[in-house]
Amino acid sequence: MNILKHMEAAFLVAALVAVPASYLGGGIPDAQADVNAAVKGQAYADAVATSGKTAVVIVSAKRLDAEEKREILLAAR
């Protein structure tokens, strides 16, 4: 019960610690992706995320039907 009473103060303390720590930490570097060696050129450029664009992920697989899903779930048990 005492924690609920002081939740606002706990939040403010956490914010006062987290915000300066994020500035002093130097920032987060751009994300990078490992791309299959067979993929080159523009596909590689699309797979690397930067602060200006989001990475593109292409999944080439068939969807499972209901029976296949059920078999996989039963096998996992």
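Computed from the coordinates by the stated procedures, all read-outs in this text should not be read as laboratory data. Only a predicted model underlies this, so the values are computations on that prediction, with no experimental measurement involved.
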> So what J values fall out for segment 67-77 if you push phi through Karplus, 6.51 cos²θ - 1.76 cosθ + 1.60 with θ = phi - 60°, rounded to Hz, Gly and Pro as x?
Replying inline: 5, 5, 4, 4, 5, 5, 5, 5, 5, 6, 6
> How large is ³J(HN,Hα) for each residue in segment 5-21, as worked out from phi by the Karplus curve 6.51 cos²θ - 1.76 cosθ + 1.60 (θ = phi - 60°), to whole Hz, x for Gly and Pro?
Replying inline: 5, 10, 5, 5, 5, 5, 5, 4, 5, 4, 5, 5, 8, 6, 5, x, 5
